[in-house]
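Throughout, read-outs are computed from the coordinates displayed, never taken from laboratory work. The structure displayed is predicted, hence computed values, not measured ones. Using ideal geometry, Cβ is built from the backbone for each residue, glycine included, and neighbour counts are taken over all protein chains shown.
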Amino acid sequence: MDGGIAIINYGRGPQLSTSRVTVQDLFPYFQLGYSNERIIGEAMPSLSPAEIEVVRRYVDEHREAVLEEDRRIRERNATRKNTPEVEAILRRNHQKVMERLEALSNQCDEASNAQGRLG
Amino acid sequence: MLKGVLADVNIEGHVDFLMAVAQAAPWEGLWRELGLTYARFSDVGLGRRAPDAEIWQLCQREEWLLITDNRNQEGADSLEATIRSRSEIHSLPVLTISSVPRLRHSREYAERVVIALFDIVIDVENLRGAGRLYLP
């Protein structure tokens, strides 16, 4: 416990008592060598340096278990992907995106040309 | 009707960055046309300790697409368990970014994620009930 900040587990893995951010949410940034300020600036602006420090201490004290859980999560996530049915829908949707982008680009060109004629 | 995109607290800064990309050229016109909003938890009345079930329910009730990471255990109170037990045919999916820290290291990767997001939001109706969708 540090100023009321503790590590607890509600079944999502060890997490901050003051936020839903878990140890495993932060661990990749520790592995990448991010400072507390960089984590707050780029990833989790709602965290305080004190909260991140509590997680750093937890990782130092439970390094083997945290590394093992990180390995399990990476293995699990590597197998997760969209179903073929979803991928087929996304391909059809992508066609719609490209058509709308082209239509919007044409509208923009026409507006520019009209403005040029007026000018 | 889909209201917009909601960032989980474990990924807020990265979604801020993605939304800036999505709302700049060449996609800003499409973002405007779709009439979507980007929100953080504080914008929709969620606390930063909100449990997964509460977040999922709010997203379904108020029509937000949640964007999150997926590095948590999948116990009884997890988002994954909530999706499996509560998702119905009309439920909005939850979006998961596959490689979150890479977003800031590769503009090309960030743009692929933005395009994949547009591929979902342009017609989310035919993706209801899909549970979790994986962005690249």
### Task
Could you list all residues from the stretch A:1-52 that are among the β-branched types (Val, Ile, Thr) and within 21 Å of B:Val15 (Cα to Cα)?
A:Val21, A:Thr22, A:Val23, A:Ile39, A:Ile40, A:Ile52
#### Entry: Filter result for the condition that a residue is in contact with a Phe, Trp or Tyr (Cβ under 7 Å, 6 or more places away or on another chain) and under 27 Å from B:Arg49 (Cβ atoms), over B:Asp77, B:Asp69
B:Asp77
### Query
Out of (1) surrounded by 13 or more Cβ atoms within 10 Å (Cβ to Cβ); (2) part of a helix (DSSP H, G or I), the odd one out for A:Arg12 is which?
(2)
### Message
Please pick out the residue among B:Glu33, B:Glu62, B:Glu28 that is farther than 16 Å from A:Ser46 by Cβ, of a type outside the set (S, T, N, Q), in contact (Cβ under 8 Å) with a residue 12 or more places away in the chain and out of contact with any helix residue (DSSP H, G or I) (no Cβ under 6 Å at 6 or more places or on another chain).
### Response
B:Glu62
### the stretch B:117-136, residues that are within 17 Å of B:Ile11 (Cα to Cα) and at the interface with another protein chain (Cβ under 9 Å from one of its Cβ atoms)
B:Arg132, B:Leu133, B:Tyr134
### Query
Pick from the stretch A:66-85 the residues that are touching a strand residue (DSSP E or B) at 6+ places or on another chain (Cβ under 9 Å) and assigned to a helix (DSSP H, G or I): which of them is surrounded by the fewest Cβ atoms within 10 Å (Cβ to Cβ)?
A:Asn77
### Query
Just to be sure, is A:Glu68 under 22 Å from A:Tyr10 (Cβ atoms), over 17 Å from the mean Cα position of the chain (by Cα) and charged (D, E, K, R)?
yes
#### Entry: Extreme residue, nearest to the chain's Cα centre (by Cα), among residues of the stretch A:22-46 that are facing another protein chain (nearest Cβ under 8 Å) and outside any helix (DSSP H, G or I)
A:Ala43
### Task
Of all residues in the stretch B:11-37, count the ones that are touching an Asp or Glu at 6+ places or on another chain (Cβ under 8 Å) and of a type outside the set (A, V, I, L, M).
3
#### Entry: Single unsatisfied condition, B:Ser87 versus (1) buried (at least 16 other Cβ atoms within 10 Å of the Cβ); (2) hydroxyl-bearing (Ser, Thr, Tyr); (3) without any contact (Cβ under 8 Å) to a residue 40 or more places away in the chain
(3)
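Collect the residues in the stretch B:61-92 that are farther than 30 Å from A:Leu67 by Cα and under 12 Å from the mean Cα position of the chain (by Cα), keeping them in residue-number order.
Step one: of the stretch B:61-92, the residues farther than 30 Å from A:Leu67 by Cα are B:61-65, B:86-92.
B:Glu63, B:Trp64, B:Leu65, B:Leu92, listed by residue number.
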